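Chemist: A single structure is presented below for examination.
Values quoted throughout were computed directly from the atomic coordinates according to the rules given, and no laboratory measurement underlies them. Because the structure is predicted, anything quoted here is derived from the model rather than measured. In this analysis, Cβ positions are derived from the backbone assuming ideal geometry, glycine residues included, and neighbour counts consider all displayed protein chains.
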Amino acid sequence: MDDWHFLKDRTADPAGGAVYVNADGTRYRRTGGEALAAEAAYQRQLAELGHQVPRVLDEGTARDGHVFVVEESLGERSLHDMGPGEPGRHARAIRPVVDAS
């Protein structure tokens, strides 16, 4: 089991939630509500289309009722800086899901 450390609250999710990182910084665990579940589904879809987004490694519902998603860390790089193509391509691809969460 990973040793999770709190990073920040998820303020964009109506259900609340938080973001945690594991001890070695290779995984993130996000908690929230149905908006997070939709975000994870969209993230998987982007990965299937070849976008360089963090892979969803695990997801489910915790005992407290919050949805959780565990994803790989892509390090210090942001989606704006990743992959070939025009600058901001990844940011525009995920904007609908970010705006909705």
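Chemist: Once you treat every alpha carbon in the stretch 1-61 as an equal point and sum by Debye, what is log10 I(q)/I(0) at q = 0.19, 0.30 Å⁻¹?
Modeler: At q = 0.19, 0.30 Å⁻¹ the computed log10 ratios are -0.77, -1.25.
Chemist: Oh, and also: What's the local net charge at residue 32, with K and R +1, D and E -1, over the other residues with C-beta under 12 Å away?
Modeler: Values: positive: 10, 29, 30; negative: 9, 13, 34, 39, 59, 64.
Here the charged neighbours net out to -3.
Chemist: Give me the Kirkwood hydrodynamic radius of the stretch 28-72, using the inverse of the mean 1/r over all pairs of distinct Cα atoms, in Å to one decimal. Intermediate results must be reported in sequence, preceding the final value.
Modeler: Numbers: mean 1/r = 0.0948 Å⁻¹.
Averaging 1/r across every pair of different Cα atoms and inverting gives 10.6 Å.
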